[in-house]
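Since the structure comes first, as structure tokens, the remarks are kept for the end.
Any read-out appearing in this document is the output of simple, stated calculations on the displayed coordinates, not a laboratory observation. This structure is a prediction, so every number in the text was calculated from the model and none was measured. Quick reminder, even Gly has a Cβ in these numbers, built from the backbone with ideal geometry, and neighbours come from all protein chains shown.
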Amino acid sequence: MENYKTVAESQTTLTELMIPSYANFGGKIHGGIIMGLMDKVAYVCAAKHAGAYCVTASVDAIDFLAPVEVGELISLMASVNYVSNTSLVVGIRVISENVKTKEVKHTNTSYFTMVAMDEHRSTVQVPGLILKSDEEIRRFFQAFHKKELKKYLRMEEKRMKNEFEIAESIEIIKNERCIIEMEPSAPAPLKTIPGAAEKS
Ligand SMILES: CC(C)(COP(=O)(O)OP(=O)(O)OC[C@H]1O[C@@H](n2cnc3c(N)ncnc32)[C@H](O)[C@@H]1OP(=O)(O)O)[C@@H](O)C(=O)NCCC(=O)NCCS
């Protein structure tokens, strides 16, 4: 029988204290530190579900909703939202907590697509997912829907590149905050018609 696992079996929470060396010039926690921790928790969650080594194939947009201060605790909660054949999507919610005031902020949410691999770096099938609540069904459906949207976006991007029209594009962006300063194009080299020189 095919292997299936529940979402709970691989759910992972990582908590880390934000120390001064993680801060940027503005005194807030560097975005890259949080992104690195997100990748780490995504790996743990994916590898637990897959029972295999996993690599990060793609990361959805990461919006920083609130700054994180030195001394706060951040917790990253990860769960498998969707599985396909060899890939799966891990949803990660990040919160930060001020231990003195008990204030809790939602700082990020993002989705990581991870691919399972064997020791020869060949992709391997991941177990299916047992969905046990409305929330888990909603997350699975949302990830499935997003995958379809990404496919469509990729096709659109390709189409736009192939059918790019300079004059039409300039017209569309004319009210954006840009100045077009193109160098006048060099005159096209004169074509030499064989034998023309002799005739004139
Ligand atoms: C991710 C990777 C294994 C995919 O390899 P590939 O030759 O494209 O493999 P396949 O075409 O067989 O795709 C395997 C799965 O990955 C998925 N996938 C590949 N690229 C993807 C992307 N950019 N976004 C989402 N899913 C992707 C495919 O849809 C497929 O999923 P499925 O089997 O569930 O349908 C390969 O591109 C790779 O090794 N990338 C580098 C990963 C890495 O170094 N990450 C950072 C450090 S961990």
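Convert 20 °C to kelvin, take the viscosity as 1.002 mPa s, use the Kirkwood radius over C-alpha pairs of segment 4-132 as Rh, and evaluate the Stokes-Einstein diffusion coefficient in µm²/s, rounded to a whole number. For the chosen part, D equals 141 µm²/s. Using C-alpha pairs below 8 Å separated by at least 6 residues, the relative contact order for segment 4-132 is 32 percent. Please report the net charge: other residues with Cβ closer than 12 Å to the Cβ of Y152, K and R +1, D and E -1. Summing Lys/Arg as +1 and Asp/Glu as -1 gives +4. Between A42, A66, A143, the residue with the greatest mean-square fluctuation in the GNM of the chain (Cα pairs under 10 Å linked by springs) is A66.
Shown in residue order for segment 139-147 are the 3J(HN,Hα) couplings computed by the Karplus curve 6.51 cos²θ - 1.76 cosθ + 1.60 at θ = phi - 60°: 5, 4, 5, 4, 5, 4, 4, 5, 4 Hz (x for Gly and Pro).
For segment 86-200, the pair-distance distribution built from all alpha carbon pairs, in bins 10 Å wide starting at 0, is 9, 17, 19, 19, 16, 9, 5, 4, 1, 0 percent. Derived scalar couplings between HN and Hα for segment 110-124 equal 7, 10, 10, 9, 10, 10, 7, 9, 9, 5, 9, 6, 9, 5, 10 Hz in order, rounded to whole Hz, by the Karplus curve 6.51 cos²θ - 1.76 cosθ + 1.60 (θ = phi - 60°), x for Gly and Pro. Peptide packing: for 27-35, 91-99, the average count of neighbouring Cβ atoms within 10 Å per residue gives the ranking 91-99, 27-35, highest mean first. For the pairs K5/K40; K28/K102; K5/K146, note any where the Cα-Cα span goes beyond 25 Å. Over 25 Å Cα-Cα: none of the listed pairs.
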